[in-house]
Amino acid sequence: NRLLKSFEMLQQLTKSIYVQKKAWLKLRRYEQEFLRCCAASKQAKKAILVSRSAARVCDVWLVSKYEEVVEVALKHGKPPGLSERDIGYQYKRTVLADSDIMVRGNLRFTNPIRTAIDVARDGDLLDGIVAFESLLSRHNSFNTEIIKAECRAVMRRMQRTRGIGRAREALEKA
C-alpha cells in the first residue's frame, strides 16, 4: 500500500524514468515536453530524436497547438519491429546522414537545420516558417544567407522526401 502511494506521487516519462508529480505539475508545457524528449533519448539506446522532439532539445522554435508524441527515428530509416518498439514513441521512416545527427551526453537528435526542415515537412506552412525563423533570427544578413544555402543543400539531398516542397516554401517565406 505504501509502495503504491509513493508510485502515485511519480510521473512516468518512459518505461523506467520517473519524476516527482508535484514538480512535474509546476512545469510549463514546453518544459514538460523538453523533459519527455530528453528522457526518451536517454531510454532509447539507438533512436534519434527527430522533428518536433528534436526541436525541443536543440532550441528550434515551435508552434504549440496540440499534444505531442515523442518522435524518433533510427539512422538507417527503418523502424524496429512492433515487439522491439518503446511504447509512447512514434517511429519515423526517415534516413539520417551522419551530418544530420548531433550527440550531447546521452541525447541524440537531429541538428537544427535538419530539425527545421523536418518540422516544416511534417507540419503546416506556419510550423515551417516559425522553425526557419528561429534559425535565421539569431544571425546577421550575411550569416542568414549561409544558413539558407545550407538548408537548400540539405533539401536537395532530400529531394524526393514527402513534404520537402512545403519546407522549401517555408524557407523562402521566413
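The values are calculated or read from the model by the stated rules, or taken from the named source; none is laboratory data. On a predicted model such as this, the values are computed, not experimentally measured, just so you know. When we count neighbours, we look across all protein chains shown, and the Cβ atoms used for this are built from the backbone with ideal geometry, even at glycine. Surface areas here come from the heavy atoms of the whole protein model, side chains and all, with no ligands, DNA or RNA. Shrake-Rupley method; radii C 1.70, N 1.55, O 1.52, S 1.80 Å.
So how many residues does the stretch 20-33 have that are open to solvent by less than 90 Å² (accessible area, probe 1.4 Å) and either over 20 Å from Gly123 (Cα atoms) or at pLDDT 95 or above (or both)?
Residues in the stretch 20-33 being open to solvent by less than 90 Å² (accessible area, probe 1.4 Å) and either over 20 Å from Gly123 (Cα atoms) or at pLDDT 95 or above (or both): 6 in total.
Scan the stretch 55-66 and report the pairs whose first residue is under 10 Å from Thr115 (Cα atoms) and open to solvent by less than 40 Å² (accessible area, probe 1.4 Å) and whose second residue is among the small types (Gly, Ala, Ser) and in a helix (DSSP H, G or I), with Cβ atoms within less than 6 Å and a gap of 6+ or a chain change.
That search, which allows pairs on different chains as well, returns Val60/Ala116; Val60/Ala131; Val60/Ser134.
Answer with yes or no whether Arg166 is touching a Gly at 6+ places or on another chain (Cβ under 8 Å), open to solvent by 20 Å² or more (accessible area, probe 1.4 Å) and in a helix (DSSP H, G or I). Step through it out loud before you land on a result.
Numbers: touching a Gly at 6+ places or on another chain (Cβ under 8 Å): yes; open to solvent by 20 Å² or more (accessible area, probe 1.4 Å): yes; in a helix (DSSP H, G or I): yes.
For Arg166, the condition - touching a Gly at 6+ places or on another chain (Cβ under 8 Å), open to solvent by 20 Å² or more (accessible area, probe 1.4 Å) and in a helix (DSSP H, G or I) - is met.
Going by what's in this entry, would Thr161 be described as open to solvent by 30 Å² or more (accessible area, probe 1.4 Å), in contact with a Ser or Thr (Cβ under 8 Å, 6 or more places away or on another chain) and either farther than 29 Å from Lys42 by Cα or not in a strand (DSSP E or B) (or both)?
Working: open to solvent by 30 Å² or more (accessible area, probe 1.4 Å): yes; in contact with a Ser or Thr (Cβ under 8 Å, 6 or more places away or on another chain): yes; either farther than 29 Å from Lys42 by Cα or not in a strand (DSSP E or B) (or both): yes.
It is true that Thr161 is open to solvent by 30 Å² or more (accessible area, probe 1.4 Å), in contact with a Ser or Thr (Cβ under 8 Å, 6 or more places away or on another chain) and either farther than 29 Å from Lys42 by Cα or not in a strand (DSSP E or B) (or both).
I'm trying to understand the selection: among the residues of the stretch 1-19, which are part of a strand (DSSP E or B) and either open to solvent by less than 70 Å² (accessible area, probe 1.4 Å) or modelled with pLDDT of 95 or more (or both)? Talk me through it step by step, then tell me what you get.
In the first step, residues of the stretch 1-19 are kept if they are part of a strand (DSSP E or B); the result is 10-12, 18-19.
Selection gives Leu10, Gln11, Val19.
Looking only at the stretch 92-139, count every residue that is assigned to a strand (DSSP E or B) and either among the aliphatic types (A, V, I, L, M) or surrounded by fewer than 18 Cβ atoms within 10 Å (Cβ to Cβ) (or both) and tell me the total.
Applying the first criterion (assigned to a strand (DSSP E or B)) to the stretch 92-139 yields 101-104, 107-110.
Narrowing the set further to residues that are either among the aliphatic types (A, V, I, L, M) or surrounded by fewer than 18 Cβ atoms within 10 Å (Cβ to Cβ) (or both) leaves 101-104, 107.
Of the residues in the stretch 92-139, 5 are assigned to a strand (DSSP E or B) and either among the aliphatic types (A, V, I, L, M) or surrounded by fewer than 18 Cβ atoms within 10 Å (Cβ to Cβ) (or both).
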